[in-house]
Amino acid sequence: VSHSGQKPDLNIGFIGAGNMAFGITKGILCSGEVQPRKVMVSAPSSNNLGRFQELGVAVTHSNTEVVTASRLVFLAVKPHLIPRVLAEIAPSVTREHVIISVAAGVTIATLEELLPPESVVLRLMPNLPCMVQEGALLFSLGSRAGPQEGAVLKALLAPCGLVEEGPEVWIDTHTGLSGSGVAFVYLFAEALAEGAVKMGMPTAVAQRIAAQTILGAGRLLRDSGRHPAQLRSDVCTPGGTTIYGLHALELGGLRAAAMGAVEAATERAREMG
Ligand code: NAD
């Protein structure tokens, strides 16, 4: 891919038509810079392909057809299927292709070993909020990928959310922080709402308000660029409600629990890799 900034000329393929492929496809298309007809998706079963057809994307049962039709190929099958899929597509992969794997735990070294020697490989770890263009994505360059491929991927994925580049060792940490982190935040949302239910608020209203509180806090944190401790201190009137609540959270060990959750999920990702 030698023409960065010419996204409309890229043909983009997805092998695997699951949630991750769908989230990324939706993100990419919503910018309007990539036409649906530039995208092709493959899966063995037609069941998974319907929602892609609704987006106007070409669908097929043939993985090699995706490879021949695309320059950028996302591998979006479950990790255990990667060796089988790579054996199948390897003969069709040329040095013009850029292969981007989102398979959790499959290392760049493994991908490069299973593909022809000159293949350009990148590893990407997205998270589910890509679906609503608020994902957090981290990618690492393979040994034959350069800054140009990185720039193309970054520009292409920008509509999916935040896109960061880093060394491969960060991928497992990103999985703990952001892939699994989404679930940690849902647990917190549930607990906040239950607190309000305990205080007499109807569940449905409490859940709506908890979701909006997390969204609002997140946007303010991201968009202000300020440190969370600073924003937190701003809402703490001396002797007021918030400092009483924060004290309860500190007594419950929320900070240590959250740090431990990211650590545990990262270590689990390392184990699985
Ligand atoms: P999924 O089960 O929703 O989708 C997998 C897709 O692959 C299905 O459409 C299935 O039909 C298709 N498939 C099965 N065998 C195939 C084959 N031989 N050739 C082509 N397609 C085939 O899974 P998902 O949640 O979308 O995850 C896909 C990948 O993304 C996984 O490797 C996972 O590790 C990674 N990932 C997922 C998340 C997440 O939050 N879901 C986050 C980061 C990374």
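Taken together, the values in this text are just the output of simple stated rules run on the coordinates, not laboratory data. Nothing here was measured: the structure is a model prediction, and the numbers come from that model. Note that each Cβ is placed from the backbone with ideal geometry, even for glycine, and that neighbours are counted across all protein chains shown.
With a simple spin-label model that places each label point 7 Å from the Cα along the Cα-to-Cβ direction, the separation between Arg222 and Met259 comes to 2.6 nm. Lysine pairs in the chain whose alpha-carbon atoms fall under 26 angstrom of each other, counting only those eight or more residues apart or on distinct chains, come to 9.
Seen from every direction in turn and averaged, the convex hull around the alpha carbons of the chain projects onto 16.2 nm².
Please report the net charge: other residues with Cβ closer than 14 Å to the Cβ of Met259, K and R +1, D and E -1. Mind showing how you got there, number by number?
Values: positive: Arg255; negative: Glu250, Glu263, Glu267.
Surrounding charge for Met259 is -2.
Highest GNM mean-square fluctuation, the chain, Cα pairs closer than 10 Å: which of Leu86, Leu251, Leu156? Comparing Leu86, Leu251, Leu156 in a Gaussian network model of the chain, the most mobile one is Leu251.
Cysteines in the chain that lack a partner Cβ within the 4.7 Å cut-off: Cys30, Cys236.
The H on the amide N of Leu122, modeled in the peptide plane, is under 5 Å from the matching H of Ile99, Ile100, Ser101, Gly142, each at least 5 residues off or on a different chain.
Using a/c under 1.5 as the rounded threshold, could you call the stretch 1-132 rounded, prolate or oblate? The axes a ≥ b ≥ c are square roots of the C-alpha gyration tensor eigenvalues, and prolate needs a/b larger than b/c, oblate otherwise. Rounded, since a/c falls under 1.5.
What does the charge count near Phe188 come to, summing +1 for each Lys or Arg and -1 for each Asp or Glu among other residues with Cβ under 13 Å from its Cβ?
With Lys, Arg at +1 and Asp, Glu at -1, the net is -1.
Taking GluC sites (Glu not before Pro) as exposed when their DSSP state is a loop state and no more than 15 other Cβ atoms lie within 10 Å, the longest site-free interval of the chain runs over 119-273.
For the pair Val205 and Ile243, what calculated FRET efficiency results from E = 1/(1 + (r/R0)^6), where r is the Cβ-Cβ distance and R0 = 22 Å, to the nearest 0.05? Numbers along the way, then the final one.
On the way: r = 26 Å, r/R0 = 1.16.
E(calc), rounded to 0.05, equals 0.30.
Principal-axis analysis of the Cα atoms of the chain puts helix 203-224 at an angle of about 70° to the longest axis. Assuming charge only on the beta carbon of Lys and Arg (+1) and of Asp and Glu (-1), the dipole of the chain about its Cα centre is about 500 debye to the nearest 20.
Of the residues Lys198, Lys38, Lys26, the one that moves most in a GNM of the chain with alpha-carbon contacts below 10 Å is Lys198. Helical content of the chain, expressed as a calculated mean residue ellipticity at 222 nm, amounts to -15000 deg cm²/dmol (DSSP H runs of 4 or more residues, -39,500 (n - 2.57) each, divided by residue number, nearest 500).
Close amide-amide hydrogen proximity is noted between Gly135 and Cys130, Gly161, Leu162, each under 5 Å apart and 5 or more residues distant or on a separate chain (H modeled in the peptide plane; Pro and chain starts excluded). Across 5 Å bins from 0, what is the distribution of all Cα-Cα pair distances for the stretch 104-260, in whole percents? Per 5 Å bin, starting at 0, the Cα pair percentages come out as 2, 8, 12, 16, 18, 13, 10, 8, 6, 4, 2, 1, 0, 0. Take the Cα of Met272, go 7 Å toward its beta carbon, and the backbone nitrogen atoms of the stretch 184-205 under 17 Å from that spot belong to 184-185.
Can you give the charge dipole size of the stretch 96-182 about its Cα centre, rounded to the nearest 20 debye, using +1 on the beta carbon of Lys and Arg and -1 on the beta carbon of Asp and Glu? Kindly include the intermediate steps, with their values, before the conclusion.
Numbers: 3 positive and 10 negative charges, 32 e Å.
With Lys and Arg at +1 and Asp and Glu at -1, about 160 debye.
Cα centroids of the stretch 194-247 and the stretch 25-100: 41 Å apart. Seen against the Cα atoms of the chain and their longest principal axis, helix 147-157 is set at about 60 degrees.
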